[in-house]
Amino acid sequence: MNKTLKLAFLWHMHQPYYKDDKEDTTLMPWVFLHAIKDYYDLPWYGSKFKNLKATYNLVPSLISQILSYINHTANDKLLETLKIDVSNLTKNDIEYLQSYLFLSNEHNMIKPFKRYYELYLRYKVHNTISDFSSNELIDLEVLFLLSWCGNYLRQNNYTVQKLLEKKQYFTQEDKHELLNELILFLPTILDFYKELDKDGKITLCTTPYYHPITPLLFDTKSAQEAKPNVTLPNITCDFQEFGVKNTQYAIEYFEKLFGKKPSGFWPAEGSVNFQTAELFAQNNLQWFCTDEEILYKTLNNNTKLNIYKNYNLSTSNGDIQVRFRDHHLSDAIGFDYSQKDPKNAAIEFVQHLKNIYDNCNFSPLVNIILDGENAWEFFPNNGWEFFNELYTLFEKTPWLQTVTMDEITNNNEITTVNISKLATGSWINGNFDIWIGSGEKNKAWELLDITQQEFNKVKDTLDPQTLELIENEFMIALGSDWFWWYGDDHFTIQAKEFDELFRKHLINIFQYLNVDIPQKILTPIIQTHQKNSFYTKPINFIYPKIDGLKSDYFEWLNSGLIDIKKEFSVMDSTKSIVKHVRYGYCKERLYIFFDGSFKKLKKNTILKIVINTIEFEIELQKPTQTITKDDITLFACNVNDNIELEILQKDIIIGQKIDFKFFIIENNSTLQSFPLYGNFTIEIEDLDLNNWYI
């Protein structure tokens, strides 16, 4: 039969709402920084290819923040501090700048600038910029901004090109000229999206306004539908009205900006349930997307080929189409391909598509849905080489056609299946563990509940203006991002700032209500900062194939991860052989994966593993070996720069603690050891684990 693989990219453009409307101040600069680097670059890459089409999901809270910079109402704390002449900076100003000016990717954004890297190395040694001269501070400020400029600006903006060529010895005038140019650039971003949409190159869609987990707003008990044994917060209120308003406001805002209503949604975090689908259908949306795990739960069938069809969901408010993302391929682009040669990564991606094409007896629909902004700093040159290789291959592949999400709706070539139910969950493990169900996350929901109870007491007595201000603060505080950073499942050096910003929105509500702010709201949720955390725990049992290869993206997805570089944060880790260690377990077996640079080592180098007090020496030149000591059997597989271990121990039980340490030894000299002091303890926990690592 004649068939064509339909490839539908959906790029999700989103940042949390960093502005404190009450104080009229933008407290974190990430909207601006991604605007000058990613929001234009990504569609610009695609525009260079005649037949390439894609869908871009623009979240209203992101757009409104971009517009605040354009309208000069952002009052961004970092940008305002950068405007100050360095001779007038206070000690607090310098400390504040220090917290941001090296928050660029070291390898891909700092190192390419010789002067920036020199300043970075000096900072790493002294851990301060307080001793930088005025000239060094100006250089640092300008180079930070240049490091965030995307390829479009570097190739097309005279001021950016001039300063890139200058390289150092910048002046105050240079800095102000650059800041002005970058602000002037921002209006072109939305104009570019509108132009591409008008030309049929892209489809635009959106998300409920402030990016909330809509099913949890309707009822936090929906978390139990996704995962029955989840621990729910102790709350009495629901936030359904804010789920409805987030949806309606998003549609209205989109129509105001683009002159038409959105045809579809990417729900925040791909989070759905049947009630959410009914809300979307009620608002005349034609389609929405979620993760493949939701389809498996809906059909009670894990057949992978089912995700390559379109689905028509029947609701009481009419039919609405549902598309399910290919989890593996989407995450491979976002989390894996940055570590690979661009050409090889592109070939691998297209080969995966060819396997899908060959295994389907129908024209498959492959939905690739992922973050459109945060991954590219981990790619060389902001991802350009990868996309150029990938899109060039698309143009040369006759059995492949890229389509927009809107073009799927009435495409007779695509198989559409009718369904009458939809499972509950998100794009991460098909549940809501990232946003509810553990200590800090539940505490945040309980603070929302306290605030909602106080609001409900006087809601009917408030004047319309105050009511609108309070409802807006609630909608912001119910965004998914605050809960993302609570707990141990994700690391950010700015966890404290996210905590403060979340609680600030609740504080604003109490101030609008003109009542005393409870001490619980004023007390930080994050009691111990995650800054020093260098590992994440496993989230579930794993069953990897021990072949020395990361042959399946999912086989180590639920594992824990030790970031060796972070453990070396106060030392020089640039010469480390092992960069990351993944670990996990199942019944009777412990698994360890070393990600490093073993090929460059001499033949007589060994990897010594210590499990509790038992030592195993692995000869790196042997591809496989089995070693038995006491009651423990270790099987090692060494391929290229990866080493996988399977450790068989009869009595691995819940609650057991296993001490782990490794050494890399060459000619009786230790090249690397971890940890530097003592042991790393692996605690065998229950299946009900709540951590997730990207």
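Computed from the coordinates by the stated procedures, all read-outs in this text should not be read as laboratory data. What you see is a predicted model, and the numbers here were worked out from it, not measured in a lab. FYI the Cβ positions are ideal-geometry reconstructions off the backbone, even for glycines, and counts take in every protein chain you see.
Observations
- Only helices enter the 222 nm calculation for the chain: every DSSP H run of n ≥ 4 contributes -39,500 (n - 2.57), and dividing by all residues gives -11000 deg cm²/dmol, rounded to 500.
- Taking a ≥ b ≥ c as the square roots of the eigenvalues of the Cα gyration tensor, the range 215-292 is classed as prolate, since a/c reaches at least 1.5 and a/b is larger than b/c.
- Note, ³J(HN,Hα) from phi for the range 194-200, Karplus 6.51, -1.76, 1.60, rounded to Hz, x at Gly and Pro: 4, 5, 5, 5, 4, 7, x
- Gyration tensor (alpha-carbon) shape descriptor, the range 356-441, a/c threshold 1.5: oblate
- Take every Cα pair under 8 Å whose residues are at least 6 apart in sequence, average their separation, divide by the length of the chain, and the relative contact order is 14 percent.
- Loop sites in the range 1-106: GluC sites (Glu not before Pro), DSSP, at most 13 other Cβ within 10 Å: 23
- By the Cα gyration tensor, the chain has an equivalent ellipsoid whose semi-axes, rounded to whole angstrom, run 38, 33, 29 from largest to smallest.
- Cβ-placed point charges (K, R +1; D, E -1), dipole of the range 348-469 about Cα centre in debye, nearest 20: 440
- Using the Cβ-Cβ distance between residue 599 and residue 127 with R0 set to 51 Å, the FRET efficiency works out to roughly 0.90.
- Sparsely packed loop sites in the range 250-290 (the chymotrypsin sites (Phe, Trp or Tyr not before Pro) outside DSSP H, G, I, E and B with at most 14 other Cβ atoms within 10 Å) do not occur.
- When each of the peptides 537-544, 358-365 is scored by the mean number of other C-beta atoms lying within 10 Å of its residues, the order from highest to lowest reads 537-544, 358-365.
- 3J(HN,Hα) from dihedral phi, the range 41-48, Karplus parametrisation 6.51/-1.76/1.60, rounded to Hz, x for glycine, proline: 4, 5, x, 5, 4, x, 5, 6
- Each Lys or Arg adds one and each Asp or Glu subtracts one; over the other residues with Cβ under 12 Å from the Cβ of residue 372, this totals -3.
- In terms of packing, defined here as the mean over residues of other Cβ atoms within 10 angstrom, the peptides 628-634, 470-476, 241-247 line up highest first as 470-476, 241-247, 628-634.
- For the range 399-468, the list of chymotrypsin sites (Phe, Trp or Tyr not before Pro) that fall in a loop by DSSP and count at most 14 other C-beta atoms within 10 angstrom reads 399.
- Plainly put, the range 439-532 has a radius of gyration that is 1.00 times its Kirkwood radius, both from alpha-carbon atoms, as the Rg/Rh ratio.
- For the range 594-611, 3J(HN,Hα) per residue [Karplus equation, 6.51 cos²θ - 1.76 cosθ + 1.60, θ = phi - 60°, Hz, x = Gly/Pro]: 9, 10, x, 10, 8, 4, 7, 7, 6, 5, 8, 7, 10, 10, 9, 10, 10, 10
- Histogrammed with a bin width of 10 Å, the alpha carbon distances of the range 325-405 distribute as 17, 52, 27, 3 percent, first bin at zero.
- Maximal additional length on extending the residue 588-residue 466 stretch stands at 37.9 nm, based on 0.36 nm per residue less the C-alpha distance.
- Cα shape, the range 167-258, gyration tensor, a/c 1.5 rule: prolate
- Placed amide H near residue 313: partners under 5 Å, 5+ positions off or other chain: 320, 321, 322, 419
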